[in-house]
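For reference, the structure discussed in these notes is given below.
The values are calculated or read from the model by the stated rules, or taken from the named source; none is laboratory data. All values derive from a computational prediction rather than experimental measurement. Note that we place each Cβ from the backbone using ideal geometry, even for glycine, and neighbour counts take in every protein chain shown.
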Amino acid sequence: MILSIKESVMSVTAPSLEPWQWPEEHWRQLVAQVRAGRPLRPSVWPGGARCAVALSFDADHETNELRDGGKSIGRLAWGQYGSRVGVPRILEVLRRHNVPATFFIPAVAALIHPDEPRRVVDAGHEVAIHGWIHELNSALPGPVERDLLLRSADTIERLSGRRPVGLRTPSWDFSPDTLAIEMEMGLLYDSSLMADEDCYELLLAGGPSGVVELPVEWVRDDAAYFIMHRFQSLRPYMPPTGVFDIFRRELDAAWEAGGLFQLTMHPHVIGYRSRIWILEELIRHAVAKTDVWFATHEQVVRHAVAHAAEGGGA
């Protein structure tokens, strides 16, 4: 299936054609490769909660530099900060408030810091797949992507003690082969795409895949507001109060709608002294509502699937 889907899309038109010259069959096949299927917003959350809160942390660490063939000792040290300072600081905040979360860890980052996956799981959190070395999936041949994802799952299972059931593709880079590989691996969910704000089933070439999407969005990602690169002209920066305001408004809107609030953070971004309070204040804000359910991504997906069958669609 992997090769047939990719080949059918690539064979429709010559690469010399401009997009505005593409025949309708071609652009329709491109669009139809992976699509949002049936909505999976449940009519009720556990305990009668009005809203679900799914916090996640992409523990990229040194792989941000390694995946591009980089050798910068300074950027590798920045990655080490994520594991050395960021993750312990995050785990302490989550412990104080008794809040579960999901950590997506590249296999190479897990191998560099082999005690981290088990420490995260032992603290009551989920560890899921985040690629091998934070590679870009769309740049890989299908068999290579498959091999890396299988090796990543095996590595996470060995180091965490639990087989991962979810995948977040590195940089949310989803290839034409990714979903078919997830189906082959028997994964419960993906968390890389943006077709909705609540969970939905993914369609592969128009057919139900059985894989659930727990969607992400750049507006709910700390890196979009804080990451800079010294040797490029990229200097995005917002004051922590501004970022907190955006996240709080997203949470409030999810609560009003009775839906899901999902947030993506990075230990080497959110873990600094001037930023970690964003996480803590956001948790306090949600707790103050009294009817919010904090859950791992796996827990949200399992509940959504179970209750969608009871008429809990959008």
Open item on the list: Return the pair list, or none, for Cβ contacts closer than 9 Å from residues in the stretch 80-99 that are over 17 Å from residue 287 (Cβ atoms) to residues that are among the acidic types (Asp, Glu), at least 6 apart or on different chains.
Closed with: 80/62; 82/60; 82/62; 83/62; 83/116; 87/116
- [ ] Six or more apart or on different chains, Cβ under 6 Å: which pairs go from a residue in the stretch 142-153 that's without any contact (Cβ under 8 Å) to a residue 60 or more places away in the chain to one that's in a helix (DSSP H, G or I) and buried (at least 18 other Cβ atoms within 10 Å of the Cβ)? Could you list them?
- [x] 145/137; 149/181; 152/107
Open item on the list: Please go through (1) assigned to a helix (DSSP H, G or I); (2) surrounded by fewer than 21 Cβ atoms within 10 Å (Cβ to Cβ); (3) among the small types (Gly, Ala, Ser) for residue 43 and return the number of the only condition it doesn't satisfy.
Closed with: (1)
Open item on the list: With the condition being under 23 Å from residue 28 (Cα atoms), I'd like the helices (runs of 4 or more DSSP H) fully within the stretch 127-241 carrying at least 1 qualifying residues.
Closed with: 142-160, 178-185
TODO: Being of a type outside the set (A, V, I, L, M, F, W, C) and surrounded by fewer than 24 Cβ atoms within 10 Å (Cβ to Cβ) is the filter here, so list the residues in the stretch 113-124 that pass it.
DONE: 113, 114, 115, 118, 119, 122, 124
Open item on the list: For the condition of a type outside the set (Gly, Ala, Ser), over 13 Å from the mean Cα position of the chain (by Cα) and within 22 Å of residue 116 (Cα to Cα), what is the one hit in 151, 168, 235?
Closed with: 151
TODO: Determine if the stretch 90-112 includes at least one residue that is assigned to a helix (DSSP H, G or I), surrounded by 15 or more Cβ atoms within 10 Å (Cβ to Cβ), of a type outside the set (Gly, Ala, Ser) and touching a strand residue (DSSP E or B) at 6+ places or on another chain (Cβ under 9 Å).
DONE: yes
- [ ] Say whether the condition of being charged (D, E, K, R) and modelled with pLDDT of 95 or more is met by at least one residue in the stretch 230-243.
- [x] no
Task: Identity of the residue in the stretch 262-293, of a type outside the set (Asp, Glu), surrounded by fewer than 21 Cβ atoms within 10 Å (Cβ to Cβ) and within 18 Å of residue 44 (Cβ to Cβ), that ends up modelled with the highest pLDDT - done: 293
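Answer yes or no as to whether residue 178 is polar (S, T, N, Q), more than 19 Å from residue 103 (Cβ to Cβ) and in contact with a Ser or Thr (Cβ under 8 Å, 6 or more places away or on another chain).
So residue 178 passes the test.
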